[in-house]
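Novice: First the structure, which I've put down as structure tokens, then a few questions once you've had a look.
The values are calculated or read from the model by the stated rules, or taken from the named source; none is laboratory data. Nothing here was measured: the structure is a model prediction, and the numbers come from that model. Cβ sites come from the backbone with ideal geometry, for glycine too, and all protein chains shown count toward neighbours.
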Amino acid sequence: MSSFPPLRKLHYVLAVARELHFRKAAERLNLSQPSLSRRVRELESELGFEIFRRDHHFVETTEAGEAFLADVEQILPRLQADFQRARDHARNISRRNSALFIIGHSPFVPTALRRQIRSVQRRKFACLNLQFRTVFAPELIESIASGTYQAGVTFAPLEGYGLQQIPIGSDRLCVVTNQDSSLTGSPAVALADLRLHPLIVACSDRIHPALYQQLVAACASAGFKPNIAEEVSSPQEAFELVLDRVGLAILPFGVCAEFPPEVKYFPIGGLDPLPLIFMYRREDSHHAEILGDLADLLQKKCLEYAS
């Protein structure tokens with residue numbers, strides 16, 4: 001058993017303890033009830049004791065579970081405060097390191113796009129210490145605005161802090177399935193075909209709020225509310241859930257190039273491509289030449305996926 005606390009599962013059991021009801025807790029967490037039950041069972045197995053006593057009519061904490069949850073309630077706020085202090089300390093060091101050029105990016109932008117940026121950097125700015133950081137949209141905006149990151153690559157639409165946004169390409173959404181799915185063999189899938197399937201999505205309110213709202217709106221236009229079984233923070237997590245038969249994943253085409261052979265993916269017809277953007281601060285005079293040249297060269301390349 002790992003000695004590192006399973007933070008996501010701790011939040012899951014706290015939600016169940018507050019609701020004393022798995023369905024209500026699952027709704028609060030935007031998970032399916034079977035998925036939540038499975039994760040709680042996994043944690044209980046890892047810990048070696050039951051946190052909850054269940055039957056068809058009620059859920060209650062065991063004596064061991066009550067003691068454990070009381071301690072967890074004290075631990076998590078301290079951990080969050082310590083994490084924020086560590087993050088702020090590291091950011092201050094990063095700001096002082098002017099030789100470092102950091103580009104933050106969504107975990108779902110195509111790997112080929114990062115290679116393209118490195119190719120531009122090697123040709124034009126060979127002495128530049130270029131590094132990439134995987135980060136979700138809200139923190140990406142904040143990090144660029146504060147100067148912690150010099151630039152970012154993600155999907156539009158994205159608002160905040162008046163950052164310069166340069167369109168550099170587009171990507172299309174795909175559905176990722178098991179090999180034996182009824183959808184296998186289709187040249188393309190309509191969004192309405194997914195109405196009865198549990199979905200694994202990459203654009204939660206935490207990862208990219210605008211894309212999440214865009215997906216929900218597209219499903220509404222197709223006449224249904226999406227049955228979201230899981231929200232994931234990486235393509236690999238989505239592939240693993242598909243292989244575990246939790247549901248069908250909706251992912252950008254560009255990240256499907258690294259899919260395992262046990263899964264298949266198909267374009268979703270009728271949806272507009274997702275714009276890819278290069279973002280930076282207009283007032284960053286120290287890196288103005290580099291940022292301008294990178295933006296111009298990437299815009300000329302203008303990558304398109306599944307178009």
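Novice: Assigned by TED's automatic domain parsing to the domain that holds PHE259 and within 30 Å of HIS89 (Cβ to Cβ): is that true of HIS197 in this structure?
Specialist: no
Novice: Quick one: how many residues across the stretch 82-140 are in the same structural domain as GLY292 (by TED's automatic domain parsing), aromatic (Phe, Trp, Tyr) and modelled with pLDDT of 85 or more?
Specialist: The qualifying residues number 4.
Novice: Do we find a residue being assigned to a loop (DSSP other than H, G, I, E, B), under 12 Å from the mean Cα position of the chain (by Cα), within 24 Å of LEU158 (Cβ to Cβ) and of a type in the set (A, V, I, L, M, F, W, C) anywhere in the stretch 204-211?
Specialist: Yes, the stretch 204-211 contains at least one residue that is assigned to a loop (DSSP other than H, G, I, E, B), under 12 Å from the mean Cα position of the chain (by Cα), within 24 Å of LEU158 (Cβ to Cβ) and of a type in the set (A, V, I, L, M, F, W, C).
Novice: Return only the number of the condition from (1) out of contact with any strand residue (DSSP E or B) (no Cβ under 6 Å at 6 or more places or on another chain); (2) not in a loop (DSSP other than H, G, I, E, B) that ALA229 does not satisfy.
Specialist: Checking ALA229 against (1) out of contact with any strand residue (DSSP E or B) (no Cβ under 6 Å at 6 or more places or on another chain); (2) not in a loop (DSSP other than H, G, I, E, B), the one that fails is (1).
Novice: If a residue must be of a type outside the set (Val, Ile, Thr), assigned to a loop (DSSP other than H, G, I, E, B) and under 18 Å from CYS203 (Cα atoms), how many such residues does the stretch 99-113 contain?
Specialist: Final tally of qualifying residues: 4.
Novice: Still on this structure, I have one more. Cβ-Cβ under 7 Å, sequence separation 6+ or interchain: first residue in the stretch 87-112 and farther than 17 Å from HIS286 by Cβ, partner at pLDDT below 65 and aromatic (Phe, Trp, Tyr). Which pairs?
Specialist: Pairs found: PRO110/TYR305.
Novice: On the given criteria, is LEU211 outside the structural domain of LEU291 (by TED's automatic domain parsing), aliphatic (A, V, I, L, M) and crowded, with 19+ Cβ neighbours inside 10 Å?
Specialist: yes
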